[in-house]
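Reviewing the structure listed below.
The values are calculated or read from the model by the stated rules, or taken from the named source; none is laboratory data. None of these values were measured; they are calculated from a predicted model. FYI the Cβ positions are ideal-geometry reconstructions off the backbone, even for glycines, and counts take in every protein chain you see. Just the protein is used for accessible areas: all its heavy atoms, side chains included, with ligands, DNA and RNA removed. Shrake-Rupley method; radii C 1.70, N 1.55, O 1.52, S 1.80 Å.
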Amino acid sequence: MLSSATQPPSFSPPLSSDSDSDSSPSSPSANHRHPDLSSSIFQSYLSHSSSHNDQRQDLIKIQSFLVSSRSGALSCLICLERIKPTDPTWSCSSRCFALFHLLCIQSWAHQSTTLAASRASSRAAVVPDENSLVWPCPKCRIEYPKSQTPKYYYCFCGKVQDPPRDPWVLPHSCGEICGRALKYNCGHFCLLLCHPGPCPACPKLVRNKCFCGKLEDMRRCGFKNFSCNGVCRKLLECGVHRCGEICHDGPCQPCREKGAYRCQCGKVEMERECCDKEFRCNSACNKLLGCGRHVCERGCHEGQCGECPLQGKRTCPCGKRVYEGMACDVSIPLCGATCEKLLFCGFHRCPERCHRGPCIETCRTVVTKSCRCGSLKKQVPCYQELTCERKCQKLRDCGRHACKRRCCDGDCPPCSEICDRRLRCRNHKCPAPCHRGACAPCPLMVRIACSCGETQFEVPCGTETEQKPPKCPKPCPIAPLCRHASNCKPHRCHYGPCPPCRLICDEEYSCGHRCKLRCHGPKPPPIPEFTLKPKKKKLNHLSEGTPGSSCPPCPEVVVRSCVGHHIGAERTERDPACPHPCPLPCHPGECPPCKALIKRSCHCGPWYTFLSVYILIPCQRKSKWLFVHATDLATESCQTVHICAQKHVILVPVHHRTSALR
């Protein structure tokens, strides 16, 4: 709360934050941001006004006005157009503190007073006094005299006419100390800067006693009245007992102590509460009067019964003849003259002779009467009212419906029909009785809140479709579901999905490398988008979060050998060594024997052909070429092996093999 010696800071609008920004709180731009002090100021005021509902409502009004002004959501209740920072305005200073365009409220006041004057002149046929004409506030209906119709544009506190536009000052404010007198005539003045709405409670420190007067404490002037929570113990009105209630405001309750008390005549004794100890019983007094012949006919009473009412000067029932000196037990004779007491009609007198008891209630004198509308005359008894069956066709003050009342005297009552015309908000119909002129603006307000509901403001009904949700400084309550939950930068309250995590995934592959892509983990369920339409019951199920995708294969480039353990394009690794590459695709294990054909000459000159495991050599025994198996060259004997019916395998000695392979 603001102290009495310090000036409160101005209400500066909160800075907007970019949820997608990667900047950290320690960045240079963050160091230049000024915090919004209005929330802390209002929190302090609201904490002290928790037990004072009216003052709490005033604070909520101020806060709502400020939030609406920051968000550009101020709208005129009359024209439903947005109130721009440069538009001349007028605000109600009695109850609602609503803001209107100056031209709109001037037109509204002029139409209201003109209509009231026409109604008064049509009823009384007299031009009404200008000072008696009033116009109501379009929202709270508080009446203002015609002389208070606004003519000029002033700031909220009313000190500066046509306040200049300053981007650093709240629109329509002069930016100076408000200085308006505070409530309850405490003698102090508002210390806030020029602001909309009512002034908050006085923040000055004063000494004051509790309600019962036992405890004295230092309190804020606006909340100086307090209870010590002890027993009141004030002396009650009875002058005997003391109050047993907890220290309270206002007068003490009536004494509820019970006791035995007698009625006023003293005949009946009853147990009653002290505050109701004086009572009268239901029995008559019946005490003998001073005459000794009559008894008191009064009910239960205190004190003396008085003299007999039948003694002294007496008259006949009609009052024309006076009798003196007659005993109280002798009945007064009737005089025999005409009664002539004024009857209940107020025009005629009783035609009966002097009589005891009341006169007749209904005057039966025949007179000529006219009906209320003047269309019928007839002789009827005085007590009987004459009416005709003619229906009045005169239009009522609404100008739309006829009176249609039977035998109307010309003073037609206000129209009893409901107006039911659609208001400018396009959402409701006018609930007032049928009337002339434009309908009053829709008094309902629509509350627009942020996603978490902490920041909200009210706008006139009909303007909510063009409004945007307020910017809330509170953090988003939804926790991230990815692996960076502890490192993610917090973002502000919002509608719709949360911004994606912009950190690097950094998840480790099985190969030891880490994923270098932006985080692609699971996302929390999105908050519903901002809408003012009622949600269908079928769509009340909670939306599920978006599951995350797995990391792609590791994209790192490394040097690795193939299954055949080659380096580059090399494929000769056959054992025993061979100049020919293996024609098969890369494969694990040893390569198969080489099947390539080559030409070789022996040491003696003949040509040999080496084909895989066979050698083509000339046979010395027969003049033809034979196939010799290479695996049989290890034997030293020359043998002929029949491979088939026409071919022989000749094994040559070791030295032949050596020369052939050389």
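Counting the residues of the stretch 330-348 that are surrounded by 12 or more Cβ atoms within 10 Å (Cβ to Cβ) and modelled with pLDDT under 85 gives 1.
Restricting attention to the stretch 181-215, which residues are within 33 Å of the chain's Cα centre (by Cα) and open to solvent by 60 Å² or more (accessible area, probe 1.4 Å)? Within the stretch 181-215, 181, 183, 184, 185, 189 qualify. Contact annotation: no residue pair with Cβ atoms under 8 Å, 6 or more positions apart or on different chains, pairs a residue in the stretch 292-320 that is modelled with pLDDT under 85 with a partner that is of a type in the set (Gly, Ala, Ser) and not in a loop (DSSP other than H, G, I, E, B). For the stretch 127-140, indicate whether the set of residues that are among the hydrophobic types (A, V, I, L, M, F, W, C), closer than 25 Å to residue 413 by Cα, surrounded by fewer than 17 Cβ atoms within 10 Å (Cβ to Cβ) and out of contact with any His (no Cβ under 7 Å at 6 or more places or on another chain) is non-empty. Taking every residue of the stretch 127-140 in turn, at least one turns out to be among the hydrophobic types (A, V, I, L, M, F, W, C), closer than 25 Å to residue 413 by Cα, surrounded by fewer than 17 Cβ atoms within 10 Å (Cβ to Cβ) and out of contact with any His (no Cβ under 7 Å at 6 or more places or on another chain). Filtered by the rule that a residue be open to solvent by 40 Å² or more (accessible area, probe 1.4 Å), of a type outside the set (Lys, Arg) and part of a strand (DSSP E or B), the stretch 382-406 gives a lone residue, 395. Residues that are free of Cβ contacts under 8 Å to residues at least 24 places away in the same chain and farther than 30 Å from residue 382 by Cα within the stretch 328-361 comprise 330, 331, 332, 333, listed in sequence order. Test residue 458 against the stated conditions and say whether it is assigned to a loop (DSSP other than H, G, I, E, B) and acidic (Asp, Glu). No. Considering every residue within the stretch 293-303, establish whether at least one is under 30 Å from residue 350 (Cα atoms), open to solvent by less than 90 Å² (accessible area, probe 1.4 Å) and not in a loop (DSSP other than H, G, I, E, B). No, because not a single residue in the stretch 293-303 is under 30 Å from residue 350 (Cα atoms), open to solvent by less than 90 Å² (accessible area, probe 1.4 Å) and not in a loop (DSSP other than H, G, I, E, B).
Within the stretch 238-254, is there a residue that is β-branched (Val, Ile, Thr), exposed (fewer than 13 other Cβ atoms within 10 Å of the Cβ) and in a loop (DSSP other than H, G, I, E, B)? Yes; the residues of the stretch 238-254 include at least one that is β-branched (Val, Ile, Thr), exposed (fewer than 13 other Cβ atoms within 10 Å of the Cβ) and in a loop (DSSP other than H, G, I, E, B). Suppose we keep only residues that are touching a Ser or Thr at 6+ places or on another chain (Cβ under 9 Å) and part of a helix (DSSP H, G or I) within the stretch 88-116. Which one would you say is nearest to residue 436 (Cα to Cα)? Residue satisfying both the conditions and the ranking: 116.
Listed here are the residues, each with its yes/no results for (1) under 21 Å from the mean Cα position of the chain (by Cα); (2) modelled with pLDDT under 85; (3) over 30 Å from residue 558 (Cβ atoms).
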position: 427; (1), (2), (3): yes, no, yes
position: 431; (1), (2), (3): no, no, yes
position: 445; (1), (2), (3): yes, yes, yes
position: 484; (1), (2), (3): no, no, no
position: 489; (1), (2), (3): no, no, yes
position: 494; (1), (2), (3): yes, no, yes
position: 501; (1), (2), (3): no, no, no
position: 505; (1), (2), (3): no, no, no
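For residue 280, the conditions (1) open to solvent by 60 Å² or more (accessible area, probe 1.4 Å); (2) of a type in the set (D, E, K, R); (3) farther than 30 Å from residue 241 by Cβ all hold with the exception of (3).
In the stretch 255-277, what residues are in a loop (DSSP other than H, G, I, E, B), open to solvent by 80 Å² or more (accessible area, probe 1.4 Å) and over 30 Å from residue 306 (Cα atoms)? Matches in the stretch 255-277: 256, 257.
Evaluation of residue 354 against the conditions (1) loosely packed, with under 12 Cβ neighbours inside 10 Å; (2) modelled with pLDDT of 90 or more shows that the sole unmet condition is (1). Residues in the stretch 207-222 that are part of a strand (DSSP E or B) and at pLDDT below 90 were compared, and the one that is nearest to residue 156 (Cα to Cα) is 220.
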